[in-house]
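Here's the structure we're looking at; comments come further down.
The values are calculated or read from the model by the stated rules, or taken from the named source; none is laboratory data. All values reported here derive from a predicted model rather than from experimental measurement. Cβ placement follows ideal geometry from the backbone for every residue including glycine, while neighbour counts extend to all protein chains displayed. Only protein heavy atoms, including side chains, enter the accessible area calculation; ligands, DNA and RNA are left aside. Shrake-Rupley method; radii C 1.70, N 1.55, O 1.52, S 1.80 Å.
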Amino acid sequence: MPPPPYFEMPTESHGGAFASLRHEQFRWLYASNIAFFFAMNGQFLVRSILAYDLTGSKLALGTINLMVAIPMLVVSPFGGVIADRVEKRGLILLGQFLLLVNELIVLALLLTGRLEFWHMLVVVFFMGCLFPFIMPARQAIVANIVGRQGLGNAMALQMGGMNAARVVGPVVAGGIVALTSVKWVYVMAVILYVVALLSMSRISKSPPEEGAGKKPVMRELVAGMKYVAGDPPVRALMVLSIVPILLAMPFQSLLVVFAEDIWKVGEGGLGVLQAVAGVGGIMGSFYVAWAGQTPRKLRLMMSSLFAFAGTLFLFALSPWFLLALPLVLIADIFASVFTTTNGTIIQMLIPNEVRGRVMSLMMMTFGLTPLGTLPVSAVAEAFGVRAAVASASVATALLALLIFFASRALRGIDATHLAAMEAEEAPMPGLSKRPAPAPR
């Protein structure tokens, strides 16, 4: 069967750290993603500033973040179902257009001096409802552009761009606020959302698989969950991905305690810690882009997870701030390598019919970090922040080791699955089987 027009397979499985950028379609997608995530991360900071200025309440900061998190957690599974049922580029364009309108409303209220806190709550709630439709479609469309062989490089580049936006976006937004005002940050965000929209419009259509959308939404939602539960390798990878999210990653929320109480470096030291951690995330993602063509992805994933846990353990016990900086850098490099490689393997294993739904479930797992923060913080309150982070690191390594040896499917991924990524895709039970597109 000849490949559909939106499917662009690579001619070879290597080509350097930026191999995926050889594809014109991926370049437009990457440009759209970079503009989108820079605007989004800059807005996170400015939204908190506005909320505090409008209310003077610290509780308002938690409330406005909660109004984003709740709809993302509830709506995410449905966003994945819709992403599998409809043309993905059109879904992304619609979502980004509505986000643009959302920001224009806030900008108009700011310019007229009529913005109130409840306006912001409504706006961020609407935004939280849109993200679960946009993000799974963004992830799913990558495989349509670069093919399975190019997924490792493409996802690593995307993660690198997202991490860069996470670090640089708030810094640039804060600089604009310091030099001018919040209004100009919204102007810049609107411009970036327009760039993201125009770049996405240059990508070819990405229609759903044959037969998609013929079943009720709830039945397809349940089918996606059954697929993850019934596929041993994917199930093991998803469970493994939750371990550091729940146990180790909450250490980021405790950096302020390390900075203030352990090393006595104040807010300036906290900013340096957060920046170094962000740079580590960028470096890890681009390392995977550079070296991600290795067939031993399982070994890379597991070794990076154990290295992350070990380095984080040393970070927790570091007596000196200057020693802690390279340790947190290395820890975040390994964390980024693990997350990117784990997501890449899952993308390579799943069939196109269920890709959006699996991506939406992965989005839900990332939302578990705030849940992990509570018990880790409770341990820090009772036994100290060093003990909390160190014990979380040990628990991460031990639980990951247990999952690895308990799951034969996980241990056999490299040998039995990834080597066959060019072969015919395995469809979901009950879904039509479509031959894998031949390289052009």
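Structure summary
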quantity	calculated
The range 83-179, relative contact order [Cα under 8 Å, separation at least 6], %	33 percent
The range 243-287, accessible surface, carbon-and-sulfur percent (1.4 angstrom probe)	65 percent
Average accessible area per residue (Å²) across the range 60-184 - probe 1.4 Å, nucleic acids and ligands excluded	37 Å²
Rounded if a/c under 1.5, otherwise prolate or oblate - the range 283-356, Cα gyration tensor axes	prolate
Cα centroid of the range 130-186 to Cα centroid of the range 252-320, whole Å	20 Å
The range 223-270, accessible area per residue, ligands and nucleic acids excluded (1.4 Å, Å²)	40 Å²
Surface share of carbon and sulfur [accessible, 1.4 angstrom probe, percent] for the range 304-354	84 percent
Label-to-label distance, nm, for residues given as residue 18 and residue 198 (7 Å Cα→Cβ offset)	2.2 nm
Cα-based equivalent ellipsoid of the range 97-229: semi-axis lengths in Å, sorted from largest, via gyration tensor	34, 21, 14
Around residue 196: net Lys/Arg minus Asp/Glu count, Cβ-Cβ under 14 Å	+3
Extension gain from residue 406 to residue 260, taking 0.36 nm per residue of separation minus the Cα-Cα distance	48.5 nm
Sparse-neighbour loop sites [trypsin sites (Lys or Arg not before Pro); the range 52-153; at most 14 other C-beta within 10 Å; DSSP]	114
Average accessible surface area per residue within the range 293-333, 1.4 Å rolling probe, Å²	44 Å²
